[in-house]
Structure formats: structure tokens, C-alpha cells
1. Per the helix-only calculation at 222 nm, which mean residue ellipticity applies to the chain, given -39500 (n - 2.57) for every DSSP H run of n ≥ 4 and division by its residues, nearest 500 deg cm²/dmol?
2. Using 0.36 nm per residue, how much length does the chain from GLU379 to ASN316 gain when fully extended, once their Cα-Cα distance is taken away?
3. Between GLU235 and ASP269, what is the label-point separation in nm under the 7 Å Cα-to-beta-carbon projection?
4. Sorting check: for 316-322, 187-193, which peptide has the highest mean count of neighbouring beta carbons within 10 Å, and how do the rest follow?
5. Roughly to the nearest percent, how much of the accessible area of the chain is carbon and sulfur, given a 1.4 Å probe?
6. Using the basic label-point model (7 angstrom from Cα toward the beta carbon), what is the SER189 to ALA339 distance in nanometres?
7. Could you work out the relative contact order of the stretch 327-419, using alpha carbon pairs under 8 angstrom and six or more residues apart, expressed as a whole percent?
8. Taking LYS257 as the anchor, which lysines have their alpha carbon closer than 24 Å to its alpha carbon, excluding any fewer than eight residues away along the same chain?
Amino acid sequence: MGPVHPDWKAAAGTDTLSDTSPARRNFMESPVMAKQSWTLIDTTQGVYVDTLSISAADVEGAPGDFSIGKRRLQGGLCEGVDVVEVNNGAIQFTILPTRGMGLWKAVCGEVELGWRSPARGPVNPAFVPLWEPSGLGWLDGFDELIVRCGLESNGAPEFNENGTLRYPLHGKIANTPAHKVEVAVDSESGEITVTGVVHEARLFFNKLQLATTYTTKIGQPGFTVTDTVTNLWAEPSELVLLYHINFGVPLLGPGAKAVLPVAKMAPRDAVAVGNLPEWDTYGPESPGTPEAVFFFDLAADARGNTQTLLKSADGNRGVSLVFNKNQLPCFTLWKNRQAAIDGYVTGLEPAINFPNAKSVEKRAGRVVTLAPGESRCFEIELTAHGDAETVARAEQAVKALQKAVAPEILEKPNPEWSA
């Protein structure tokens, strides 16, 4: 990526940003400061930066090479999708403000993170029939490495008594564009941040705000996602949230393993019961084979911190997730065993609740109620591993958590967890 555009021009046919615009003002006022910030989108201020490139040359005292770019995709189902691309010198990843601040793909050296979806994305939400009668329209846009499911509902579709759709699959937040996006670089700490704000709100219903920050350090092989969900309503609002974190080839393949610290595990349904002996191991691509899903209560340390690992068959590549069970007490392992071209993928999914119909989760007491003005914070750290040594260290960290707890493996669905 090249230097910052000298005129801060947006798309062809739009005006150059004025000296008083927030995006340019932030850049002009902060060169001597440790932290510099750029506003890319702010609908309340009328700010929209179509293209932007930032590199180490634009940040005095930057401790290493990096680049940040913003552009808008054109053509096909990608038409109109804003992307923010970050390269910290060790890992590259692409954030999607248009798709609820999801994260599309990441590459760290030879470790490719993401998957091949039948949807040719990233897909503009305008082309996702979220409310089609089947309730499965969400799948038309499903293409990301990290996609949030929620905020009002996040599980299977649910229907009213007359057969009309009440809640679509996995909710609305992933198909809601951010109305404010900023990037910042701190030359002292070496931190790069991308922040975004998304509202899921409508008259007479929930009014929730998702404020998300992706934080990465120059030269480090990962990033942290920090989300704060706030009830903007003057009445209580309900919240469910699941992080659908998805990995496919080349990391996934025959012999790859999910290494989890299991306190308790149960298959979701009869299909998962059939895959129970190999629940933590991935087989070859198997066209026509249904998905297998397992629900977990993971072991954690005294502060509630837990860790999971997905490692390649040869043990030379992997990816870790670190999060806190006090924030995200439920965990789902999703194994989609189709051919790669049809979506051979696994999901490691920390969550507030299990991805059942909302009425099921509400009866089980796993739907959170936020008081007016109340917020909940969630944080997940993702680290890529590009060699056998770092994979082994991550696996030892998981095994250390497991040592404190004898795993309880149920042979059939747990009626407290499954619909």
C-alpha cells in the first residue's frame, strides 16, 4: 500500500475532504502525538472516505513496517462492500464494516485463515434475503472468518404459530453496516486499532449498539476483538451473541484436530452422536455428509480464562482462541464435512448461549437481559501458529487447563443444551 493520498480524495465524482473534515483534521492535528487516528466513516458528521492508504512512513516513530488500507469493492455480490485491510508486518486481515464489522480472511506467513464459501463474497447485505420464508437466507452471505450471530436472536430460525418467520437464522447483526469507523496507530505501543459502531435497532423492538475494536501489534501474529454491547433503550433489551469463527483448507484437512479443554461435552443431535468417536478429529471431504455439532462447557482457570486450538494434521500450523467464560460461557464446535468447493469448514464458536431457537435458549435462562443503558463487554484473542514449536506450546496451554478437570463426555444430547 502506498502513502496517504495527498488530496484525501474519495470515489470518482466526490469532493476532496475539506481541511475541517474529521478525517483530515485528525490526521493534521496529531503528527507529533504518539497516537494518530483517521475517521473513515461517520454518518452523523457526513464523513465517508472512499479510499485511504497509511504506512509506517505516515506515522512518526512507528516501530516497524505496517500498512492500513480502506477501499470499496465493485462488481457482483461484492458491489458496495467497504473493506479495511490491515498488515502489521506479521499478519494481514480484512475487516468488513458493511457486514457488521465481521472479519473476512487473514494470512500469517504460510498460515491461511478463513474458508471457501459457496457464496462469492464478501456479500453486500443488500443481496442477502435475510427474511425469506425458510429463515435460511442468512446463508447467502456467509463467507467470513469471524461473523457475529445476534444480537436479538442467534440460533436456528424460529416461526410464529401461523408459520411466518419470527427470527431468521443467526440474527441480523452480520448484515447491518457500521455507521462509524475509525483507524488509529500508536507509535509508542505499536498498536493498530480499527473501531466500528453498529446499531441493531427499530421502533418498538430491541435497540442495541455494538461497538467493536480490532487491536493488533506491529509484528505480532494475531489480534484481539473487543466488543461492547449497550442497551440504548429506556426499557430492558434482550441479548444473545455467538462468534462464528470459521476455518477451512489448507489448515483444515484429514487428521486436523480441535484441541479443547473439556469440562463437559454433548452431541447436539443424532448426527453428532454418530460422529462422537471422532468429535475432535477431522476426516476427508465427504460430499452429502450432514454437519456434526457438539456443545461444550469448557474448562478454565481461576479467572475464567480458557483457550482452544485448531491444528493441522502435521502439527506445523494452527490457530488459537483465548477468551473468558465469565463473558462467553457456552462453546459450540461445528464440523461441516462437505467437499471444499461446497464449504468444507469448521466453526469454533464461543458464545453467551447455544445456537438453538431463541425460545429454547430463553426457557433455559441463557438469554441476557440488559437494563436501560447497561453494557456487556466481550473479548477474544486470536493467534496464528506457523511452526511446530508454537503449535506445541499452545497445545500444552490447553492441556494445562484440562489437567484440573476430568472431561465428562455425554453419549447422547443433553436435554438442558439441545432443543
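1. Working: 4 runs with 35 residues, N = 419.
Here the helix-only value at 222 nm equals -2500 deg cm²/dmol.
2. Details: separation 63, 0.36 × 63 = 22.68 nm, distance 2.67 nm.
Fully extending the segment from GLU379 to ASN316 adds 20.0 nm.
3. 3.4 nm
4. Numbers: 316-322: 22.4, 187-193: 17.1.
Packing order, densest peptide first, comes out as 316-322, 187-193.
5. On the way: 8980 of 17380 Å².
Of all accessible area on the chain, carbon and sulfur atoms account for 52 percent.
6. According to this spin-label approximation, the distance is 4.8 nm.
7. Numbers: 67 pairs, mean separation 22.1, N = 93.
Result for the stretch 327-419 is 24 percent.
8. LYS257 reaches LYS105, LYS311, LYS325, LYS335, LYS399, LYS403, LYS412.
The values are calculated or read from the model by the stated rules, or taken from the named source; none is laboratory data. The shown structure was predicted, so the numbers you read here are calculated from the model rather than taken from an experiment. Glycine also receives a Cβ, built like all others from the backbone with ideal geometry; neighbour counts cover every protein chain displayed. The protein model used for the area step is the full one, side chains on, heavy atoms only, and it has no ligands, DNA or RNA in it. Shrake-Rupley method; radii C 1.70, N 1.55, O 1.52, S 1.80 Å.
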